[in-house]
Structure formats: C-alpha cells, structure tokens
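Before any comments, here is the structure.
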Amino acid sequence: MLLEKYIFDIPVYSVPSEKFFSVRQKKLQEHFDFLNEATPDLPKRSTDSNDEFDRNMKDSFNRRYGGWQFTQVVGWIRLFPLRRQMRGEYWFVDAERIDVHMNKRNFKYCGKAFELTYFTNEETSIDIFHQIRNRLEELKHENPFKRRYIDMETFMNIGEFVNWLGLIGLD
C-alpha cells in the first residue's frame, strides 16, 4: 500500500494581505465618515483616535470584517511526493462568487494542479525545490489561480533546506 506524505499546504487567497487590509481600512474610514455625517452635533469620530468609543468601534469592525491569514483562504495547494514524482493537488472554495465577505466556505477537491517526475539522480534537492517553486509560479497564470494570491511564504522559507531527493526516493 502506498502512503502519501503530505509535506506542504500552500494557501490561496482572493487578494494579497496588503490589498485586504487596505480595503478594510478604507471601509472603516467610510464607516467613521458616515457616523460623523449622521451625528454632526457629537464629537468627530476618527480611526486614529484613542477615544474609548472609537477604539471599541474599530475593534467591533475588525472582528466583524475579520482577519486575513486564516479567514480569507479560498483554496489550498497540497504538495506531496508520490513514487518519483512531486505532486500538487488542490482544493478550492465551492462558490460562484469569491469575495472577502464570504462567511461560509466549503472546499471541494479539484484534483491535480501539477506533477513533476524524476527518473534520475541528475537533479539536486535545490534543483527540485526551484522546479517546484517555478511550477507554483506558473500556476498563478492558470485557472482557477488567476487573479488569486498563492502564499508561498512558508514554502520559500523552508523549501531550500528540504531533502527533496530523499522525499521522492532518489536519495
């Protein structure tokens, strides 16, 4: 029986974190502007204020709007070795429209994103790492990953230190 060893789960987001937080800050500012227009007789509210009311409003807004890292995932690419291959399979959110306000996310298995096959010992572990990285970069131009953000930070931080030859059975 062949056992798969999952080694990386790479998250896919609708947008990069910088854009998400920029949009969230813009919406917060719009909310404060609305409050100021609706209550002209009261003191002006501000996103920069340390006033307790303003801080509570910002905290409430941020809780309602959510964070990015774990709440904005729209897909996953799972890397694993299979015999003399390195494979990437993916799961993607099962939704007609993907946006930052999605509350319930059901992920469906979508199949193989890519596979790289190795038959000789000509490649080094660092070569294999670069090939996987390049293939992940290429995915950014393919559906359903187009216009999405593949977060390769963890993969990039550790990937060059992995014994890729050993993982695929060439070591």
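The values are calculated or read from the model by the stated rules, or taken from the named source; none is laboratory data. Here the structure is a predicted model, which means the values were calculated and not measured. Here the Cβ positions follow ideal geometry from the backbone for every residue, glycine too, while neighbour counts run over all protein chains shown. Side chains included, ligands, DNA and RNA excluded: accessible areas come from the protein's heavy atoms. Shrake-Rupley method; radii C 1.70, N 1.55, O 1.52, S 1.80 Å.
In segment 24-38 there is no residue that is open to solvent by less than 80 Å² (accessible area, probe 1.4 Å), touching a Leu at 6+ places or on another chain (Cβ under 8 Å) and either part of a loop (DSSP other than H, G, I, E, B) or not β-branched (Val, Ile, Thr) (or both). In the condition set (1) surrounded by 12 or more Cβ atoms within 10 Å (Cβ to Cβ); (2) out of contact with any Lys or Arg (no Cβ under 7 Å at 6 or more places or on another chain), Asp171 is compliant with all but (1).
A Cβ distance below 6 Å, combined with a sequence gap of six or more or placement on separate chains, defines the contacts here; from segment 52-75, residues that are closer than 20 Å to Lys19 by Cα and without any contact (Cβ under 8 Å) to a residue 40 or more places away in the chain reach no residue that is open to solvent by 30 Å² or more (accessible area, probe 1.4 Å) and not polar (S, T, N, Q).
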